[in-house]
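Structure first, commentary second.
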């Protein structure tokens, strides 16, 4: 039997020793990549991002019907309240129709006459029946009295139905007259006035209104911060207008999609403005001081080096 003896240098080639320095270099490179990925998020948390302050709601107010402007009761820059009359259209015809419908709904004379006729027919029927019981009148007279009473009762019901219809006509006339008055649907300020007395309005807006309390702040965030922005988070907004101090806002809405071209997403904040000191349309800077860093992902445990295969005793024996 022939035994082959391996030199120690050959055995080292079969089972090379582990290289701890290479593994450390790979772990260091992975940590550097993680730090680079989190750098945009940390920059968003520490640096101010550009934003825009806008009214929380804007309304183009128009007329519900075609007409001619009679009076303009609001000017540009006026503060208005919900339900306040802002514009009046010419309504001479509608006002006359409303007056006539009101008179018809109040006409009680005909109803009183019908009720009196019904009461007389009822008493006549009672007397005729008594006389028929005493054999003073025939049954034909009783039948006539019954018919007269039925006709009088029907007339009373007819007059009452006419009054109900008149009340409905009054409601319709009131609604038509109300369409000639344009009221504010919100509490806000007049931004633009598009019409003047004497102009005909049809499909174009008459006024433009805006709500300045609260204000809306729009900001673009980097995609790396998507999982760290939540509704209700506080933010500091600095308007780009000299003399205005930083304002506290709150995240209201976070878009659920990311723009692939810019690798960013939109965030909307609500900024209280009870005294109206902040105007809309300002550029601003926003910072999220409470933007917490994400929990570090635990590094994967490196695989253990394979155990060295014990050398057979025959191989370890010295060469003869």
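Brief remarks on what is shown
- Test result for residue 214, part of a loop (DSSP other than H, G, I, E, B) and in contact (Cβ under 8 Å) with a residue 60 or more places away in the chain: no
- Single condition residue 252 does not satisfy, out of (1) in contact with a strand residue (DSSP E or B) (Cβ under 6 Å, 6 or more places away or on another chain); (2) assigned to a loop (DSSP other than H, G, I, E, B): (2)
- Taking the criterion of being touching a residue at least 60 places away in the same chain (Cβ under 8 Å), over 16 Å from residue 225 (Cβ atoms), loosely packed, with under 15 Cβ neighbours inside 10 Å and more than 23 Å from the chain's Cα centre (by Cα), the only residue of segment 249-290 that qualifies is 283.
- Of the candidates 163, 131, 186, the single residue that is over 35 Å from the mean Cα position of the chain (by Cα), in contact (Cβ under 8 Å) with a residue 40 or more places away in the chain and either assigned to a loop (DSSP other than H, G, I, E, B) or farther than 22 Å from residue 70 by Cα (or both) is 163.
- Residue in segment 102-124 that is touching a strand residue (DSSP E or B) at 6+ places or on another chain (Cβ under 8 Å), crowded, with 16+ Cβ neighbours inside 10 Å, in contact (Cβ under 8 Å) with a residue 60 or more places away in the chain and more than 24 Å from residue 281 (Cβ to Cβ) present: no
- Just one of the listed residues (242, 302) is outside any strand (DSSP E or B), in contact with a helix residue (DSSP H, G or I) (Cβ under 7 Å, 6 or more places away or on another chain) and either at pLDDT 90 or above or loosely packed, with under 15 Cβ neighbours inside 10 Å (or both), and it is 302.
- Check on residue 177, farther than 24 Å from residue 95 by Cβ and either in contact (Cβ under 8 Å) with a residue 12 or more places away in the chain or loosely packed, with under 14 Cβ neighbours inside 10 Å (or both): no
- Which listed residue, of 105, 90, is closer than 17 Å to residue 159 by Cα and either at pLDDT below 90 or within 60 Å of the chain's Cα centre (by Cα) (or both): 105
- Condition broken by residue 171, with the remaining ones in (1) surrounded by 16 or more Cβ atoms within 10 Å (Cβ to Cβ); (2) within 44 Å of the chain's Cα centre (by Cα) satisfied: (1)
- Test result for residue 227, under 25 Å from the mean Cα position of the chain (by Cα) and either part of a loop (DSSP other than H, G, I, E, B) or surrounded by fewer than 18 Cβ atoms within 10 Å (Cβ to Cβ) (or both): yes
Let's see how each residue does on (1) under 14 Å from residue 100 (Cβ atoms); (2) touching a helix residue (DSSP H, G or I) at 6+ places or on another chain (Cβ under 9 Å):
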{"position": "146", "(1), (2)": "no, yes"}
{"position": "152", "(1), (2)": "no, yes"}
{"position": "161", "(1), (2)": "no, no"}
{"position": "167", "(1), (2)": "yes, yes"}
{"position": "170", "(1), (2)": "yes, yes"}
{"position": "173", "(1), (2)": "yes, yes"}
{"position": "176", "(1), (2)": "yes, yes"}
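- Selection count where residues are surrounded by 18 or more Cβ atoms within 10 Å (Cβ to Cβ) and over 20 Å from residue 113 (Cβ atoms), scope segment 146-157: 0
The values are calculated or read from the model by the stated rules, or taken from the named source; none is laboratory data. Everything numeric here is computed off the predicted structure, so don't read it as measured data. Ideal geometry is used to build each Cβ from the backbone, glycine not excepted, and the neighbour counts take in all protein chains shown.
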